[in-house]
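The values are calculated or read from the model by the stated rules, or taken from the named source; none is laboratory data. Just so we're clear, the structure is a prediction, and the values are computed from it rather than from any experiment. Cβ coordinates were reconstructed from backbone atoms using ideal geometry, including for glycine residues, and neighbour counts include every protein chain displayed.
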Amino acid sequence: MTGVFAAVDLGASSGRVVTGRLGGGELTLDVVHRFPNEPVRVGVTRNSEGTLHWDILSLYRGVVEGLRKAGPVRSIGIDSWAVDYGLIDSSGALLGNPVHYRDARTDGIAGRVKDLYEVCGLQTLPFNTVYQLLAARETPQYEVAARLLMIPDLLAYWLTGEIGAEYTNASTTGLLDVRTREWSSSLIDELGLRGDLLPPVRHPGSVIGTYRGTPVIAVGSHDTASAVVAVPATGRDFAYISCGTWSLVGLELDRPVLSAASRAANFTNEGGVDSTIRYLRNVMGLWPLQECLREWGSPDLPQLLEAAASEPGLAFVVDLDDPVFMPPGTGAGSTSMEGRLRKLAGLPADAGRATLVRCILDSLALAQRRAVRQARELAGRTVSVVHLVGGGARNELLCQLTADACGLPVLAGPVEATAIGNLLVQARAVGVVDGGLGALRALVRETQRIVRYEPGVSDEAWAAAAARVGR
Ligand code: ADP
Ligand code: LRH
């Protein structure tokens, strides 16, 4: 028995609707619609820089257009990036445009709030939903809101009229108890936030409602949770890197690690599909490269990567986890992404774009090496292979550098892991495929293109580069 399913997958760099035919050992994909995700800065509300918003209506148009192109399907699943939300009023109207997690409204807030790790197990990222809510709580929108809906839950609401908070994405808010997997009312009260805004938690595999007669099914609606479902691993001794705008680097565990060392290393315990824990760290990912490309007017990426591959390795490295790289590039000079990178890397003025791109990729591989090593040590696990999934798997240079830096084989692919994880959870929910994560991953392994990169022999150069960035 086979069926066709539609995955809506919104990444920070683009959105897509992917149909997948699954069942009887088959898993074939078709990206039926791809659309840009371009945030918008609006200058009137807060300060001279204004506020950075997601263009949520344009994204919704992309979703609806994609579903139209998908044609008849057994069901629909939606995932997106984490932490961001929309507020709706008691009539269901959206109150304002959702704010982008890279907006500066949360600057400094995390440092003023008590440590939440013991309860929620989350790494402190300045933009975790909890800090966004603390930044928003004196606004009229927050005061009159009836519900908070995370981005995939908001889109599902617009498609079905049903309200809920999908668990894997709720786990990125900072307000979910990592042990009970429910909202932590004590934490919410202690922070003076409105618990009544938070809808009941729903779990991957449950039916949300229908869109024009087609069931909409809750999947791992946090894109990283869906990506991890589709990591084509055998056994347990693997690390994964979900590599796109961000690199999410870590392990799949049965229970959270909440040790002092884990907290100090800022490792997160996010909720995964089938009650797993995604034990990982956010590494800056391909974001700095994306921003440089934007600033350069979108030159051909494969050509630039080819040129970067001919550059000397590890000549210039930066600590890519430096928060200075978090905000979008604004204008020219030292505030542009290129300017920030050149300054921190100490690039000579005549260094060209290929040198800069090589610097970004060497630095990313170095940061990924650090996170894989730390995850392994903090969780006390053996890692014999690194799976790299997402758009970064198309970057052969990055895959090879990651294998070299980690001193481990890298298995790269699938590129559309997030959409595949989304599709698999739907197909399992309606009974077209069955089994646990192991069985789902076997299907990915048997049907998708996966490329193996062997590590180079010497670790010395990487260890020296790590020392140079001081980490
Ligand atoms: P997100 O879900 O965060 O939007 P993706 O998983 O779609 O991210 O990955 C986007 C990244 O994939 C881009 O930043 C780019 O670096 C990389 N990428 C896309 N196409 C190519 C390509 N042809 N060669 C190398 N890298 C690519
Ligand atoms: C990746 C991602 C990541 C979050 C970030 C906000 O797309 O969901 O897991 O930390 O976006």
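Going by what's in this entry, would Glu311 be described as assigned by TED's automatic domain parsing to the domain that holds Gly244, surrounded by 14 or more Cβ atoms within 10 Å (Cβ to Cβ), closer than 26 Å to Gly250 by Cβ and not aliphatic (A, V, I, L, M)? Spell out the reasoning first.
Working: assigned by TED's automatic domain parsing to the domain that holds Gly244: yes; surrounded by 14 or more Cβ atoms within 10 Å (Cβ to Cβ): yes; closer than 26 Å to Gly250 by Cβ: no; not aliphatic (A, V, I, L, M): yes.
Criteria not met by Glu311.
Looking only at the range 12-36, filter to residues that are surrounded by fewer than 20 Cβ atoms within 10 Å (Cβ to Cβ) and in a loop (DSSP other than H, G, I, E, B); which one of those is farthest from the chain's Cα centre (by Cα)?
For the range 12-36, the residue satisfying everything is Gly24.
Quick check: is even one residue across the range 255-275 closer than 18 Å to Leu388 by Cα, modelled with pLDDT of 95 or more, not aliphatic (A, V, I, L, M) and not in a loop (DSSP other than H, G, I, E, B)? Reasoning before the result, please.
Filtering the range 255-275 for residues closer than 18 Å to Leu388 by Cα gives 272.
Restricting the remaining residues to those that are modelled with pLDDT of 95 or more gives 272.
Next cut, not aliphatic (A, V, I, L, M) only: 272.
Applying the additional criterion that residues be not in a loop (DSSP other than H, G, I, E, B) yields none.
The answer is no; no qualifying residue exists.
All but one of (1) within 16 Å of ligand 2 (Cβ to nearest atom); (2) of a type outside the set (Asp, Glu); (3) touching a residue at least 24 places away in the same chain (Cβ under 8 Å) hold for Gly62; state the number of the condition that does not hold.
Just one mismatch for Gly62, condition (1).
Among residues belonging to the range 164-197 that are within 22 Å of the chain's Cα centre (by Cα) and of a type in the set (A, V, I, L, M), point out the one that is surrounded by the fewest Cβ atoms within 10 Å (Cβ to Cβ).
Of everything passing the filter in the range 164-197, Val178 is surrounded by the fewest Cβ atoms within 10 Å (Cβ to Cβ).
When you scan the range 45-139 for helices (runs of 4 or more DSSP H) that lie fully inside it, which ones turn up with 2 or more residues that are within 16 Å of ligand 1 (Cβ to nearest atom) and within 23 Å of Thr224 (Cβ to Cβ)? Walk me through it before giving the result.
Values: elements: 56-70, 117-120, 129-136.
Hits in the range 45-139: 56-70.
I'd like the full set of residues that are in contact with a strand residue (DSSP E or B) (Cβ under 8 Å, 6 or more places away or on another chain) and either among the charged types (D, E, K, R) or at positive phi (or both), limited to the range 371-395.
If the condition is that a residue be in contact with a strand residue (DSSP E or B) (Cβ under 8 Å, 6 or more places away or on another chain) and either among the charged types (D, E, K, R) or at positive phi (or both), then Arg376, Arg381, Gly390 are the ones that fit.
Restricting to the range 175-221, what's the tally of residues that are of a type in the set (A, V, I, L, M) and either touching a Ser or Thr at 6+ places or on another chain (Cβ under 7 Å) or assigned to a strand (DSSP E or B) (or both)?
The qualifying residues number 9.
Suppose we keep only residues that are surrounded by fewer than 24 Cβ atoms within 10 Å (Cβ to Cβ) and at pLDDT 95 or above within the range 223-235. Which one would you say is farthest from ligand 1 (Cβ to nearest atom)? Let's see the steps before the verdict.
The initial filter retains those residues of the range 223-235 that are surrounded by fewer than 24 Cβ atoms within 10 Å (Cβ to Cβ), namely 232-235.
Now narrow it down to the ones that are at pLDDT 95 or above: 232-234.
Details: Pro232: 16, Ala233: 18, Thr234: 23 Å.
So, considering only residues that are surrounded by fewer than 24 Cβ atoms within 10 Å (Cβ to Cβ) and at pLDDT 95 or above, the one farthest from ligand 1 (Cβ to nearest atom) is Thr234.
May I ask you to list the residues in the range 332-354 that are surrounded by 15 or more Cβ atoms within 10 Å (Cβ to Cβ), part of a loop (DSSP other than H, G, I, E, B) and free of Cβ contacts under 8 Å to residues at least 40 places away in the same chain?
Leu347, Ala351
Based on what the data block shows, is Gly272 on the phi < 0 side of the Ramachandran plot and away from ligand 2 (no atom under 16 Å from the Cβ)?
On the way: on the phi < 0 side of the Ramachandran plot: yes; away from ligand 2 (no atom under 16 Å from the Cβ): no.
No, not satisfied.
Filter the range 239-254 for residues that are near ligand 2 (Cβ under 10 Å from one of its atoms) and not in a strand (DSSP E or B) and give the result.
Correct list: Gly244, Thr245, Trp246.
Would you confirm whether or not the range 146-157 contains a residue that is among the charged types (D, E, K, R), outside any helix (DSSP H, G or I), buried (at least 24 other Cβ atoms within 10 Å of the Cβ) and not assigned by TED's automatic domain parsing to the domain that holds Tyr279? Explain how you work it out, then say what you get.
Taking the range 146-157 first, the residues among the charged types (D, E, K, R) are 147, 153.
The next check asks that each one be outside any helix (DSSP H, G or I); those that pass are 147.
Of the ones still in play, those that are also buried (at least 24 other Cβ atoms within 10 Å of the Cβ) are none.
No, the range 146-157 contains no residue that is among the charged types (D, E, K, R), outside any helix (DSSP H, G or I), buried (at least 24 other Cβ atoms within 10 Å of the Cβ) and not assigned by TED's automatic domain parsing to the domain that holds Tyr279.
Select, from Gly329, Gly297, Gly235, the only residue that is over 23 Å from Gly352 (Cα atoms), part of a loop (DSSP other than H, G, I, E, B), away from ligand 2 (no atom under 16 Å from the Cβ) and small (Gly, Ala, Ser).
After ruling out the rest, the residue left standing is Gly235.
Which of the following residues is small (Gly, Ala, Ser) and more than 26 Å from Val444 (Cα to Cα): Gly235, Gly174, Gly205, Gly250? Full working, then the answer.
Working: Gly235 fails: more than 26 Å from Val444 (Cα to Cα); Gly205 fails: more than 26 Å from Val444 (Cα to Cα); Gly250 fails: more than 26 Å from Val444 (Cα to Cα).
Answer to the selection: Gly174.
Let's see how each residue does on (1) away from ligand 2 (no atom under 15 Å from the Cβ); (2) within 30 Å of Ala379 (Cα to Cα); (3) of a type in the set (Lys, Arg):
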| position | (1), (2), (3) |
| --- | --- |
| Gly111 | yes, yes, no |
| Val119 | yes, yes, no |
| Thr129 | no, yes, no |
| Pro140 | yes, no, no |
| Val144 | yes, no, no |
| Glu166 | no, yes, no |
| Glu182 | yes, yes, no |
| Ser185 | yes, yes, no |
| Tyr211 | yes, no, no |
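Looking at (1) away from ligand 2 (no atom under 16 Å from the Cβ); (2) of a type outside the set (Ser, Thr, Tyr); (3) crowded, with 23+ Cβ neighbours inside 10 Å, which is the only condition Ala393 fails?
(1)
Of all residues being within 16 Å of ligand 2 (Cβ to nearest atom) and of a type outside the set (Gly, Ala, Ser) in the range 87-106, which is surrounded by the fewest Cβ atoms within 10 Å (Cβ to Cβ)? Just the residue, please.
In this case the residue turns out to be Arg102.
Would you say Arg74 is in contact (Cβ under 8 Å) with a residue 40 or more places away in the chain and surrounded by 14 or more Cβ atoms within 10 Å (Cβ to Cβ)?
Numbers: in contact (Cβ under 8 Å) with a residue 40 or more places away in the chain: yes; surrounded by 14 or more Cβ atoms within 10 Å (Cβ to Cβ): yes.
So Arg74 passes the test.
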